[in-house]
Structures are given as structure tokens and as C-alpha cells.
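Data first, discussion second: the structure below is written as C-alpha cells.
The values are calculated or read from the model by the stated rules, or taken from the named source; none is laboratory data. Not measured: the values here are computed from a predicted model. We place every Cβ from the backbone using ideal geometry, glycine too, and count neighbours over all the protein chains shown. Ligands, DNA and RNA are excluded from the accessible area calculation, which covers all protein heavy atoms including side chains. Shrake-Rupley method; radii C 1.70, N 1.55, O 1.52, S 1.80 Å.
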Amino acid sequence: MEEVAAHPYVPRDLKLPGYVPISMSMSSILAVYLGASLFAVTFVWFLLGRKKAHLDRLLMCWWAFTGLTHLVLEGYFVFSPEFFKDNTSCYLAEVWKEYSKGDSRYAGRDSAVIAVEGITAVIEGPACLLAVYAIAKGKSYSYVLQLAISLGQLYGCLVYFITAFLEGDNFATNSFYYYSYYVGANGWWVLIPLLISYRCWNKICESASGVETKIKKKIR
């Protein structure tokens, strides 16, 4: 009978042969993530967005942050199926070993999670960085692009939460990780896309209304 390595995840019968325990502390992982995010946001705020209105600068910072998160973190997860076996203390592997305490479907390579994260990393990641460029340059497609990405993020979150519910919602090590990682960390990708979607919808409707008004005036 094949021996299954011990791990901290739930359900306890989850098989992760070759599992290597996490070597970094939660505080160290968060410090690196927050530090890198702060660097990226600061760069966008002061250099790329220095001539834009404050709201546009905030949006550029959000799209840069979420785009890099999708590309780097989620991209690593998608293309590193055996990250739980990593014994080199690779930071990205450590992130997912830690996050799996809140949702063990990541360590277990759940098909729904892989599908959602794959689309997010490959399509939405680059699209988010394109949104930074579109806002900075005042491109006409900026609002449509932001709306499309936000709806994609909302759809991904719905699939993520609904599939967990349908499968029993029993993937967190304890309530702390459940609310901190599974609920808290993902909640921002529900709240902020909702607000951006509402703003973009209004902007697009205003623009369309203005065009219709001009057309009617010309006809008269």
C-alpha cells in the first residue's frame, strides 16, 4: 500500500504523495506579497499615472496589482501541478502551500479551480495590464475593457464559490483560514469589480446617450 505523506489540509484523506511541508511563515509570505504589491502600485501611481485624475490613478493601480497577481501567482499555480512537492523554498510554491490551508482544492488540483485560474491567468492577467495602458493613454475602449474584465472576475468568483458549496465547502483547515483566505482574500475580487462594473456601465451609457442625441440633432 502506497504511503501518503502527512499534510495540514482538509479533508484529511486528501492524497498528496511527496508533500513537502511549508518552510516560510505566514507573516513572511504576506510581507513579501504586500511589499511587491506596494512597489508595483507606487510605480504606477507616481510614474504611469502622474498626469491622470486621482480616480484613474487608483484604477490603474488596481489593474496593475490584480494583473500581476493573475499572471505571476495564479500563472505559477496553473503551470506547476506539483507545487506541494517543492523542497527549494520557492516563494510561489510556498504561497500556494499556505493558501491551500484555506482551500485545499488548490493542493488537490481540483478541475474547477484549475479551469478558473487558467482562464484568469492566461486571459484576464494580460487584459488587466492592457487596462492600465488604456487608462493612461485615454483609449476609447478603456471602459468596455474594464467592464469585460470585471465581469470575467465576477464570473470566476461565482464559479469558485458555487463549486465549493456544491462539493461540501469543507476545504479549510479551520475557521481562521476559511475567513482569512477563502472569504477575505477573494472578497476584494467581488467588491471592487462590482464597483468598477457599475461605473463603466454608467460611462458607456452616457457616451451612447450622447451619440444618440447628436444623431437626432443632425436628422432634425
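A few remarks follow.
- Whichever residue in the stretch 151-180 is polar (S, T, N, Q) and in a helix (DSSP H, G or I) and, among such residues, is surrounded by the fewest Cβ atoms within 10 Å (Cβ to Cβ): Ser175
- Residue-level analysis places Gly18 outside the set of residues that are part of a helix (DSSP H, G or I) and over 21 Å from Gly156 (Cα atoms).
- All positions within the stretch 140-150 that are small (Gly, Ala, Ser) and surrounded by 15 or more Cβ atoms within 10 Å (Cβ to Cβ): Ser142, Ala148, Ser150
- When Lys137 is tested against (1) in contact (Cβ under 8 Å) with a residue 40 or more places away in the chain; (2) of a type in the set (D, E, K, R); (3) open to solvent by 20 Å² or more (accessible area, probe 1.4 Å), just one condition goes unmet, and that condition is (1).
- Filter pass, Ser37 being modelled with pLDDT of 95 or more, of a type in the set (S, T, N, Q), closer than 28 Å to Tyr143 by Cβ and surrounded by fewer than 17 Cβ atoms within 10 Å (Cβ to Cβ): yes
- Residues (of a type in the set (S, T, N, Q) and under 15 Å from the mean Cα position of the chain (by Cα)) located in the stretch 142-179: Gln146, Ser150, Gln153
- Residue under evaluation Trp201, criteria (1) closer than 30 Å to Trp45 by Cβ; (2) open to solvent by 40 Å² or more (accessible area, probe 1.4 Å); (3) in contact (Cβ under 8 Å) with a residue 12 or more places away in the chain; (4) within 16 Å of the chain's Cα centre (by Cα), criterion not met: (4)
- The one condition in (1) under 21 Å from Ala185 (Cα atoms); (2) under 22 Å from the mean Cα position of the chain (by Cα); (3) buried (at least 16 other Cβ atoms within 10 Å of the Cβ) that Val10 fails to fulfil: (2)
- Residues (of a type in the set (D, E, K, R) and surrounded by fewer than 16 Cβ atoms within 10 Å (Cβ to Cβ)) located in the stretch 71-129: Glu82, Lys85, Arg109
- Of all the listed residues (Val190, Val183), the sole one being in contact with a Cys (Cβ under 7 Å, 6 or more places away or on another chain), open to solvent by 30 Å² or more (accessible area, probe 1.4 Å) and part of a helix (DSSP H, G or I) is Val190.
- Restricted to helices (runs of 4 or more DSSP H) entirely inside the stretch 48-128, those with at least 2 residues that are under 14 Å from the mean Cα position of the chain (by Cα) and in contact (Cβ under 8 Å) with a residue 60 or more places away in the chain are 54-68, 91-99.
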